[in-house]
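Just below is one structure, and these are the notes that go with it.
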Amino acid sequence: MKKSFGLLLIALLLVLAACGNSTKQSSDTTTTKNEKNNEKSEVNLYTSRHYDVDDGLYKKFEDETGIKVNVIKGEADELIERIKREGSATKADLFLTADVGRLYRAKEQGLLQAVSSDILSKQVPEKFRDSDNMWVGLTKRARILVYNKDKVEPEELSTYEALTEDVWKGRVLIRSSENVYNQSLLASFINIDGEEKAKEWAQGIVNNMARSPEGGDRDQAKAVAAGIGDIAIMNTYYLGQMLNSQDPEEVKVAEQLGVFFPNQETTGTHVNISGAGVVKNSKNADNALKLLEFLTDEEAQYTFAEANYEYPVNPDVEQAELLKSWGDFKEQDIPLTTLGENSAKAIMIFNEVGWK
Ligand code: FE
């Protein structure tokens, strides 16, 4: 009797000890979690993107995760310089930009760190991810030809190269060569045709310009509608934004314009990406990765397409109606990193041919 009571007591004590332990353990875990949450309840985003759709997505991320998104906007090169200057003291967790050339530059300067997750690998095809996992693409944009429907028949159009022919003299509109979209466009031609041919193209476009480059992509569309030139080279989503603008003048402009995807029989239409990379000295790298996963999930990807007329990188996402109406098209088949690698050469060529 005594013996069994003793055993029972020991058993009871063991159970109590185990309970005590487990309680302690779980409360420890809770404390650590809370501390972690307090420390890491934010993500600091340095972004050069300038589209309204982004703010809505960050808000949604905040609501879903409780992680605050602090947004610092600036020109891509300025942000790169800033992250460099701030060094290990930087607040930047995620660098987001609208051109793969600048992602490449940030990587080359050692400002980014490799991140990967099964979710990212699933949501973003390899083609749109850096080979060292330093950045991932978020959206695709095509640099297309937009023409005045009253003055140009689509049958007259074929390639970027054909715009250098004499028939287009004084009719071509395109923005300054200081712009990254043009630098990446020319960088793609360097990859496909070599430097000589790329230079001939740039020279040919300068010869055929309707005016000295001024304004952004939208301004080229407006100039086509105003009759300053007949054809513009611009990014797809600007046309989508104009067609759906609150400003009736912009809608009127966009409705006068036709969309043409060049080089369909040859090398494909030039495509660039918006993308982002986690900053090397990030203090909230886990949150930055979470934001990347969020921005590439089906819902966010559909929002980019629906609200900003960009093409999703996530292959599971259906295209928005307007993009569908423009039809499928053949893209340039080159590694995106070459756009960054060739960007210095492109800038040199622009200077040589006098493309302002
Ligand atoms: Fe843009």
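The values are calculated or read from the model by the stated rules, or taken from the named source; none is laboratory data. What you are looking at is a predicted structure, and each value in this text was computed from that prediction instead of being measured. All Cβ positions, even for glycine, are placed from backbone atoms using ideal geometry, and neighbour counts span all protein chains on display.
Can you give me the number of residues within the stretch 110-125 that are outside any loop (DSSP other than H, G, I, E, B) and at positive phi?
Residues flagged as outside any loop (DSSP other than H, G, I, E, B) and at positive phi within the stretch 110-125 amount to 0.
Does LEU96 count as within 16 Å of the ligand (Cβ to nearest atom) and assigned by TED's automatic domain parsing to the domain that holds ASN308?
Yes; evaluated as a whole, the condition is true for this residue.
Restricting attention to the stretch 245-259, report how many residues are in contact (Cβ under 8 Å) with a residue 24 or more places away in the chain and outside any strand (DSSP E or B).
Looking only at that region, the number is 5.
How about the stretch 46-81: which of its residues are hydrophobic (A, V, I, L, M, F, W, C) and either outside the structural domain of GLU306 (by TED's automatic domain parsing) or more than 14 Å from the ligand (Cβ to nearest atom) (or both)?
Once the filter is applied, which keeps residues that are hydrophobic (A, V, I, L, M, F, W, C) and either outside the structural domain of GLU306 (by TED's automatic domain parsing) or more than 14 Å from the ligand (Cβ to nearest atom) (or both), the stretch 46-81 yields LEU57, PHE61, ILE67, VAL69, VAL71, ILE72, LEU79, ILE80.
Taking PRO262 as the residue in question, decide whether it is outside the structural domain of LYS60 (by TED's automatic domain parsing) and touching a residue at least 12 places away in the same chain (Cβ under 8 Å).
Yes; evaluated as a whole, the condition is true for this residue.
Going by the structure shown, is GLU341 modelled with pLDDT under 95 and under 24 Å from LEU112 (Cβ atoms)?
Spelling it out, GLU341 is indeed modelled with pLDDT under 95 and under 24 Å from LEU112 (Cβ atoms).
Yes/no per residue for (1) of a type in the set (Ser, Thr, Tyr); (2) in the same structural domain as ARG85 (by TED's automatic domain parsing); (3) buried (at least 22 other Cβ atoms within 10 Å of the Cβ); (4) within 30 Å of ASN287 (Cβ to Cβ):
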{"position": "SER116", "(1), (2), (3), (4)": "yes, yes, no, yes"}
{"position": "LEU120", "(1), (2), (3), (4)": "no, yes, no, yes"}
{"position": "TRP135", "(1), (2), (3), (4)": "no, yes, yes, yes"}
{"position": "VAL167", "(1), (2), (3), (4)": "no, no, no, no"}
{"position": "ASP193", "(1), (2), (3), (4)": "no, no, no, no"}
